[in-house]
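Let me begin by presenting the structure, written as structure tokens, before commenting on it.
The values are calculated or read from the model by the stated rules, or taken from the named source; none is laboratory data. Remember, predicted model here, so these are calculated numbers, not experimental data. No Cβ is skipped: glycine too gets one built from the backbone with ideal geometry, and neighbour counts run over all protein chains shown. Protein only, heavy atoms only, side chains kept; ligands, DNA and RNA dropped before computing areas. Shrake-Rupley method; radii C 1.70, N 1.55, O 1.52, S 1.80 Å.
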There are 2 protein chains.
Amino acid sequence: MKDATFIIFGATGDLTRRKIIPAIYKLVKNKKLRSFRIIGCARSKKNIQTILSQSKKFARDVQASRWRKIVKNSVYQVLDFYKEEDYTQLAVLLGKQQRIFYLATAPEHFHIISKYLAKYKLARKTDNVVYEKPFGHDLYSAKKINKCISTVFNEKQIYRIDHYLGKELVGDITLMRFTNRILEPLWNSKHIAQIQIVMTEDLLVGKRGGFYDKYGVLKDVVQNHALQLLALTAMEAPKMLSGEYIRSEKARVLKRTQVTAALVGQYHGYKSEPGVTKNSTTETFAALQLKINNSRWRGVPFYILAGKALVKKQTSIHIKFKEVHCLLAKSCPSDSNYFTIRIQPDNGFSLELNSKMPGKKQAIIPVNMDFCEKCRFGPNTPEAYETLLEDVLCGDQSVFVRKDEIEYAWKIIDRVRKGKIYSYKKGTGGPPALDAWNKKNGVLWKEVSK
Amino acid sequence: MKDATFIIFGATGDLTRRKIIPAIYKLVKNKKLRSFRIIGCARSKKNIQTILSQSKKFARDVQASRWRKIVKNSVYQVLDFYKEEDYTQLAVLLGKQQRIFYLATAPEHFHIISKYLAKYKLARKTDNVVYEKPFGHDLYSAKKINKCISTVFNEKQIYRIDHYLGKELVGDITLMRFTNRILEPLWNSKHIAQIQIVMTEDLLVGKRGGFYDKYGVLKDVVQNHALQLLALTAMEAPKMLSGEYIRSEKARVLKRTQVTAALVGQYHGYKSEPGVTKNSTTETFAALQLKINNSRWRGVPFYILAGKALVKKQTSIHIKFKEVHCLLAKSCPSDSNYFTIRIQPDNGFSLELNSKMPGKKQAIIPVNMDFCEKCRFGPNTPEAYETLLEDVLCGDQSVFVRKDEIEYAWKIIDRVRKGKIYSYKKGTGGPPALDAWNKKNGVLWKEVSK
């Protein structure tokens, strides 16, 4: 049980309502948080009650007594990020409790907010500062933010959020890789043919048009989520399965990673979405081939497929093993083994094995062994933001992104040569040109176009 | 579609009614058999209609029109195995069709029947002879039978049945081992800690007391079924996944196998079973430790557990992998990975992996991935005897036991030092002394005592 004051910058935004407040509620409910306060800050005049009442449905199944606690302990403070006097006003509200500053704002404000938090001594040495993604929009801007916040805070106080790292199955990648004899010795170029990271959405840009158009899919989800998944899947064994060792190994492998082929696309009608410029060349779809230049992965292509307005929402990692030399007299295995980690929806993992076709002696059929997390543990596993906020409370940085990781990831994305932007129909598997690209680059996406 | 005449010796026995006739019916139903005849032979006077009507329920869901075909094409012939003139009588009934002689008799009659089948030219060079198990009762008797039948038949005509080899999941062992990258490279002493073959029954000896008392569990199921499972699990990669290569590899590994520890038991009340001698020392339970002296398996113990009157009926092979060196800061994996092949009931296989305990960062919990054959392919996969008879029809010997295999298997059993016979209560996991034996011999049986 911890005590804390949460100061949320960007309190009128979607993230506060949908994720941050519900996560704090869950911490209260699960007795991780004892005495606490929530201070919502933003420039516009708002009532904290309005924000909370909009937030309630996202907290799901709230107990009235516990929610009243949230209401009682929350206040709203008008704050213009660029007005120094507003910070002194905020200072008056803060007590002795540990403070968690949550910067749920656009990254261009990170540097000024950080500066004033330090200047007016709002953030003390023992307080933590959380930075929402995106962390910059390219290597240059990310370096600039890092440089600025490093001068006012210790790296130990800095929590760069990638909420994917709070997801159960993402946390499971490292654990599974390094504690299972049936996986660990096979996890290299000798046995693995290719690795696919698929991160598709069926939704369009929706209300995020203005933001999205400045970023595109590569900066919105590939630079952070997809490359973090790649790093966890590809990294060398850390000395121990604990935070700093894992962050070092992730940084090391990202440093060796580069995009070797790319195809980008934009869905039909994107240019008419609210907030999007009429002649936008922002990509809403990307297929990447990546190579990792080290001895474990030499010769093994990695692929990332990400985009909006596609067939379905899913995030999965598919490990495609090489074939075993064919021993069969009459017929050969038609497919390799796949180990799939399903991050969402329907968390779990599965293994596709070659088995005997019933009634035939030497005919092979791939069959699936499955583990579904919900089926085993029920639906109440913690959500990413709850896990992440609890870590901030406890000072555990292991699932937050370190300075060097984030810069290596931006470097990878900055160097992508996008080429022509192909358009594609909503609800399809991407641009028609993808077929030829797949063939040329040696990928047969697992379960993507279904 | 084949044509054949089946001549069943021991036609009044249980096996004919329960397995052989129903299997022939299935072959007719599944259009594997076109023109056919069944000649049931035994010493006592019997009506073929009685045998068939008792057999009908074992054939399950028979279609009247097809069953009439069985009835129409079946005859009964009184035949004393030791009367030469009876064989000449039988000869009169045989036409030009391919003949399949099925010796469903006790092994002591194998040699005389074979001799007369040859002498009176009932079995021609193109006809096949099937020998039911048990094939002898020790190495000496098995060699004697082999010697005798080898002088009158070609090994190509000789089909020694082990009906376990006709079971779907048994046929799957080789296929899975050698066509899956996730299994093949790990299948050796570097990665496997131990292998357990569990073959338990909840039933008592029932009507088989007289027979059973002469054999006991080691000769009744271990010498054949359990050692065949061991051979398939342990053998080296055959040049091709086809009959003769597999039989050679099974023989090779059995030659290198020996029992290094044994504990035998007899269930309470066994001595009062009908047919059992009052001071019987026959074992109804056995736990064995075996070693295989080759480079793949040096240092890896194999275990067999078999018996009657135990908790439940199951046949499974459990591959227990070694632990991965512990990388975890806070807690360690509590269990190794298990790959389990369930031969009966509930055919399928499963893999137990270490996974992340939801909501905890570094706590491990073993979770199960499962494949259930029935769930995927429905309940209508062929039964063992149907598969086996079809193979005999087609001249495919791959799932029949070759002369050398059967002799190596008997040699292993002949050399077991049984020691004291421990008694145990019906419906338990075996003799209480098993606990100490397990500890001493390094085995923790998977799921046996549940």
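With respect to the conditions (1) modelled with pLDDT under 90; (2) facing chain A (nearest Cβ under 10 Å); (3) open to solvent by less than 50 Å² (accessible area, probe 1.4 Å), B:D370 lacks only one, and its number is (3).
Where the second residue is open to solvent by 20 Å² or more (accessible area, probe 1.4 Å) and assigned to a helix (DSSP H, G or I) and the first is touching a residue at least 24 places away in the same chain (Cβ under 8 Å) and lies in the range A:266-286, which pairs have Cβ atoms under 7 Å and are six or more apart or on separate chains? Every condition considered, the pairs that remain are A:G275/A:G210; A:G275/A:D213; A:V276/A:D213; A:T277/A:D213; A:S280/A:D213; A:S280/A:K271; A:T282/A:D213. Among the conditions (1) at pLDDT below 85; (2) facing chain B (nearest Cβ under 7 Å); (3) surrounded by fewer than 21 Cβ atoms within 10 Å (Cβ to Cβ), the only one that A:V324 does not satisfy is (3).
Among the numbered conditions (1) within 30 Å of B:G427 (Cβ to Cβ); (2) free of Cβ contacts under 8 Å to residues at least 60 places away in the same chain; (3) of a type in the set (V, I, T), the only one that B:I182 does not meet is (1). Residues in the range A:143-173 that are under 30 Å from B:G359 (Cα atoms) and of a type in the set (D, E, K, R): A:E155, A:K156, A:R160, A:D162, A:K167, A:E168, A:D172.
Beta carbons closer than 7 Å, at least 6 apart along the sequence or on distinct chains, pair a first residue in the range A:307-323 that is touching a residue at least 12 places away in the same chain (Cβ under 8 Å) with a second that is among the aromatic types (F, W, Y) and in a strand (DSSP E or B) for A:G307/A:F285; A:K308/A:Y267; A:A309/A:Y267; A:H318/A:Y338; A:I319/A:Y338; A:I319/A:F339; A:K320/A:Y338. For the criterion of being in contact (Cβ under 8 Å) with a residue 40 or more places away in the chain, closer than 26 Å to A:G348 by Cα and open to solvent by 10 Å² or more (accessible area, probe 1.4 Å), A:K167 passes.
Being of a type outside the set (A, V, I, L, M) and outside any loop (DSSP other than H, G, I, E, B) is the requirement here; does A:K121 meet it? So A:K121 does not fit the description; no. The residue of the range B:214-245 that is modelled with the lowest pLDDT, among those that are surrounded by 22 or more Cβ atoms within 10 Å (Cβ to Cβ) and within 14 Å of chain A (Cβ to nearest Cβ), is B:L241. Scanning the range A:198-210 for residues that are of a type outside the set (S, T, N, Q) and not in a helix (DSSP H, G or I) turns up A:V198, A:M199, A:E201, A:D202, A:L203, A:L204, A:V205. Scanning the range A:182-197 for residues that are assigned to a loop (DSSP other than H, G, I, E, B) and over 15 Å from B:V367 (Cβ atoms) gives A:W187, A:N188, A:S189, A:K190, A:H191. Mind checking whether some residue in the range A:98-107 is at pLDDT below 95 and assigned to a helix (DSSP H, G or I)? Within the range A:98-107, one or more residues are at pLDDT below 95 and assigned to a helix (DSSP H, G or I). Filter the range A:342-360 down to residues that are at the interface with chain B (Cβ under 8 Å from one of its Cβ atoms) and free of Cβ contacts under 8 Å to residues at least 24 places away in the same chain and give me whichever is farthest from B:M357 (Cα to Cα). Among residues in the range A:342-360 that are at the interface with chain B (Cβ under 8 Å from one of its Cβ atoms) and free of Cβ contacts under 8 Å to residues at least 24 places away in the same chain, the one farthest from B:M357 (Cα to Cα) is A:G359. Residue count for the range A:48-86, restricted to those that are in a loop (DSSP other than H, G, I, E, B) and at pLDDT 90 or above: 7. The set of residues in the range B:269-297 being among the small types (G, A, S) and farther than 16 Å from B:R208 by Cα consists of B:A286, B:A287, B:S295. If you check A:K255, A:K250, A:K271 for being closer than 22 Å to A:L288 by Cβ, open to solvent by 50 Å² or more (accessible area, probe 1.4 Å) and at pLDDT 95 or above, only one passes: A:K255.
If the condition is being farther than 29 Å from A:L203 by Cα and assigned to a loop (DSSP other than H, G, I, E, B), then the range A:249-269 contributes only A:R256. Can you name every residue in the range A:124-146 that is surrounded by 17 or more Cβ atoms within 10 Å (Cβ to Cβ), outside any helix (DSSP H, G or I) and on the phi < 0 side of the Ramachandran plot? Once the filter is applied, which keeps residues that are surrounded by 17 or more Cβ atoms within 10 Å (Cβ to Cβ), outside any helix (DSSP H, G or I) and on the phi < 0 side of the Ramachandran plot, the range A:124-146 yields A:D127, A:N128, A:V129, A:V130, A:Y131, A:E132, A:K133, A:P134, A:F135, A:H137.
The sole residue among B:V221, B:V276, B:V259 that is aliphatic (A, V, I, L, M) and under 17 Å from the mean Cα position of the chain (by Cα) is B:V221.
Being under 30 Å from A:I158 (Cβ atoms), small (G, A, S), open to solvent by 30 Å² or more (accessible area, probe 1.4 Å) and more than 8 Å from chain B (Cβ to nearest Cβ) holds for only one residue in A:G419, A:G395, and it is A:G395. When the range B:25-44 is filtered for residues that are out of contact with any strand residue (DSSP E or B) (no Cβ under 6 Å at 6 or more places or on another chain) and not in a strand (DSSP E or B), the ones remaining, listed by number, are B:Y25, B:K26, B:V28, B:K29, B:N30, B:K31, B:K32, B:R43, B:S44.
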